[in-house]
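Beneath this line is the structure, given in structure tokens, with notes to follow.
The values are calculated or read from the model by the stated rules, or taken from the named source; none is laboratory data. Owing to the predicted nature of the structure, the values given are computational and were not obtained by experimental measurement. Don't worry about glycine lacking a Cβ; one is built from the backbone with ideal geometry, like all the others, and counts go over all protein chains shown. Note: areas computed on protein heavy atoms with side chains; ligands, DNA, RNA excluded. Shrake-Rupley method; radii C 1.70, N 1.55, O 1.52, S 1.80 Å.
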Amino acid sequence: MKTASRFLSLAVIGLLSTASAQLAEEYRPWTNTAGKQIEATLVSVDAAAKTLKIKMKDGREFDVPIATLSPADFEYAKARYAAMQAAPAAPATAMPAATPAAAPGTPAAPKAPAAKVASKPAPPRPAIAIIPASKFKAPGANDYLGGIQKVRPRLIHNAASWAYLKGLIATDPVAAKILEAMKASGEDLLQDPGLTRINGDTGGEGPKAIYRMGLLGALHYCEGDLKWQDKGLQELLALTDPISFRDWHPELMDNVADMVVATSLGYDWFYTSLNAQQKTTIRTYLAQKGIDALVAHLEGEEIPETAKGTSGGQSDPAKAKGGAKKKAAPKDDAKLPPDSKQMAAASALIIAAICLVDDDPAVAKKAADAGAKVFGKGLERFAPAGVWPEGLQAGEDVMDYIAMIAQTRKAAAGSDLGISLVEGIPQFGVARMHLIGPSGQTFNFGDSKGAASTRPWVATWLCGVHGNPGLRAVAATGKQAVSSGYFGQVGNFLYYNPHAAGDGTADSLDYALPAGFVATTRSGWDKADYFVAVKGGDNADHTAQLDIGSFVLEAGGQRWGVELGADTERAPGLEVKPGADRTKRFELYLENTQGQNTLVIDGNQDLEAKAKVLVGASSPEKGLAVVDMTDAYSKAAKDVHRGVMVVRGTKPYAVLQDDLVIKTTQTITWSMHTKAEIAAEGTKATLTQGGKTLIATIVSPAGATFSSGTPPEPPSEQSRDLVKEKVNVLKATIADAKGPQSLCITFALDEAPTHTPAPVATWVPKK
């Protein structure tokens, strides 16, 4: 019994993973039960083999049965391995829920004086080996479920890594401040009666459930008062109670995904407090209301009747069925890359599978099978430059689920199967930093809803895995509202690590990776600095706008060139199923080419066009990038290249230049949407906003002129009214254009710069 007790004590720590390189080797005498002694350091623990691996100073390694350890060695190994396992199991995010993660130099959000803690430089970034997307073999169901230790907790954190976080509270002032803010949020949550299903077809309970379970779980393990466990159980049981939740809105794939995640976390984190009947009820709900519905969505099947509630006020059954059907056959849909909602569903299935693998292996296998088919394809969509095709907000959403899976695999099996190192995932943290302008707003291209970072804590996780790319140290904020969704500040605590806890230093002011589809350049990291971001993209993506070449522009703390984002969800034609006819979608101003900050030549861009970054360059004097837009205008023009440049120095300014060859006589219309007031005359336009003045100047060609206007009236009451939103449009027109054209426009605060244009093809000298 003594040997078994020792083994179980070590097994509960985590096991099956290699010792962390973050801890220095610690050599000490080891004595076995026969009295033999050697000097060695602990390397790892293997639960399956019931052995320790130790290494002598000459490099030789030995596997030592746990049963042969002396009592003193056993206790040392237990404590040492807990420290080794805990440190890497607490990875990475950045900024609190309501505040966009600041890029270097961006002023931090105001904090209460008590929350201010002096930050220190982040540790040097670790050396990592990125796995090329072309060589990455997506894990299958057996890979996700293989090696899972049959101990609780194991989702995101195991017992050792929870203990590591708890230990930080006494030694790390920022971690302690975050926990204090979480406790204040928790006290408010204790007074709330709990979640119930919202009738109608809006959903929205899933994000709130994740926030509540994350907050209560973290407080339970790291603060320790039983009231957090009691409230966590109450919330968990409500999610699976047919009176509170007759179903999880099965027609809404994203809401079901979040309910599955929240319920899985609660089941795992509060497992020891559940009785047998409660566990059975929760597993049944997870399987029928969650897993079965998500599998149906991903495989293009009808939602099973068992996923739908049967009490009064139920959603329209026909609508529920229609939510899972797709106009294209499932085989055709399977060829299309997954969008952010499908990635949420796939991630939820994998998390549920790891949660249930020992309690219900058949359901776990079903969930893992369906999730794995989609999740691997989605990972590859971040390659090569770390930008999710639907935009930064959607990319953060996807990365939030990736972080949960990677951390869960590390906590439960010691390995994340290479997920965190697949090409595009390490780059996402760098790209994300560069896609946030000096004003704190994101480059919100596509159907983004607003320009704020929506899940900034993913940066904390990314910092912990890949190092801090240049972000300011994560900081505590005030308490969160009871109605909050997703982890918020809790995510910063769950993934807290030394790299996120220090100030990082950026390698460059610019980001332009050839073959990527987004590039940025800036004059500095301060709020008043110049910033330009431009995109290529793939118009064939079923969620895409026809926005190749679209850009945003900032200077003087103002965003002058704005992305308009998405139309309302009820706008006619906005929602398009994969493989369906998208022409009605592009009748909407916000979705077609006219509603973008790009060129209009003979109507909309080609619906199948693709555009990538050709080249980028960075020097102390300037930063620049060039996007090849030829495919978008192939019917009317050739060799269409958009260059963006920020000239740095004492009088910085921005340049946007389009070089192209028009095949037959056309009118070229250049557009930039803005919230500024515009006074346009000839080759000069004066924009005023927020007490600042921006001068736009057409440098070439001769004959091009500025004008200003407003967007068209909305086609219906269901669409956004951009006139009421005070959106204006700055336009530059080249009439009767034919042959080679070069439209060069400069932007500078207060006065026009002296700029000599050069062909975009010469911006980067050939080697």
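Within the set THR697, THR664, THR650, the sole residue that is assigned to a loop (DSSP other than H, G, I, E, B) and either among the β-branched types (Val, Ile, Thr) or in contact with an Asp or Glu (Cβ under 7 Å, 6 or more places away or on another chain) (or both) turns out to be THR650.
Take ALA184 and decide whether it is at pLDDT 95 or above and closer than 26 Å to LYS231 by Cβ. Yes, satisfied. When you scan the range 454-469, do you find a residue that is over 19 Å from the mean Cα position of the chain (by Cα), of a type in the set (Gly, Ala, Ser) and at negative phi, even just one? Checked the range 454-469: no residue is over 19 Å from the mean Cα position of the chain (by Cα), of a type in the set (Gly, Ala, Ser) and at negative phi. When the criteria are applied in full, GLU563 meets the requirement of being modelled with pLDDT of 95 or more, within 20 Å of GLY395 (Cα to Cα) and either open to solvent by less than 10 Å² (accessible area, probe 1.4 Å) or of a type outside the set (A, V, I, L, M) (or both). Looking only at residues in the range 19-33 that are of a type outside the set (Asp, Glu) and open to solvent by 90 Å² or more (accessible area, probe 1.4 Å), the one that is modelled with the highest pLDDT is THR33. Take ALA362 and decide whether it is without any contact (Cβ under 8 Å) to a residue 24 or more places away in the chain and farther than 19 Å from GLN545 by Cβ. So ALA362 passes the test. From the residues in the range 722-749 that are surrounded by 12 or more Cβ atoms within 10 Å (Cβ to Cβ) and assigned to a loop (DSSP other than H, G, I, E, B), which one is modelled with the highest pLDDT? Filtering first and then ranking leaves VAL727. The lone criterion from (1) surrounded by 19 or more Cβ atoms within 10 Å (Cβ to Cβ); (2) modelled with pLDDT of 95 or more left unmet by LYS684 is number (1).
Restricting the range 567-581 to residues that are modelled with pLDDT of 80 or more and either open to solvent by 10 Å² or more (accessible area, probe 1.4 Å) or in contact with a helix residue (DSSP H, G or I) (Cβ under 7 Å, 6 or more places away or on another chain) (or both), which is farthest from GLN718 (Cα to Cα)? Applying the filter and picking the extreme gives ASP567.
Let's see how each residue does on (1) under 28 Å from ASN728 (Cβ atoms); (2) part of a strand (DSSP E or B):
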{"position": "ASP581", "(1), (2)": "no, no"}
{"position": "PHE586", "(1), (2)": "yes, no"}
{"position": "GLU591", "(1), (2)": "yes, no"}
{"position": "ASN597", "(1), (2)": "yes, no"}
{"position": "VAL613", "(1), (2)": "no, yes"}
{"position": "ALA617", "(1), (2)": "no, yes"}
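Scanning the range 431-451 for residues that are touching a strand residue (DSSP E or B) at 6+ places or on another chain (Cβ under 7 Å), of a type outside the set (Ser, Thr, Tyr) and open to solvent by 10 Å² or more (accessible area, probe 1.4 Å) yields GLN441, ALA451.
Selection within the range 259-280: residues that are closer than 19 Å to LYS366 by Cβ and of a type in the set (Val, Ile, Thr). The member of this set that is most open to solvent (accessible area, probe 1.4 Å) is THR280. For ARG283, the conditions (1) open to solvent by less than 20 Å² (accessible area, probe 1.4 Å); (2) in contact with a Phe, Trp or Tyr (Cβ under 8 Å, 6 or more places away or on another chain); (3) over 22 Å from CYS222 (Cβ atoms) are fulfilled apart from (1).
For the range 377-394, the condition of being at pLDDT 95 or above, small (Gly, Ala, Ser), under 24 Å from THR460 (Cα atoms) and open to solvent by 20 Å² or more (accessible area, probe 1.4 Å) holds for at least one residue.
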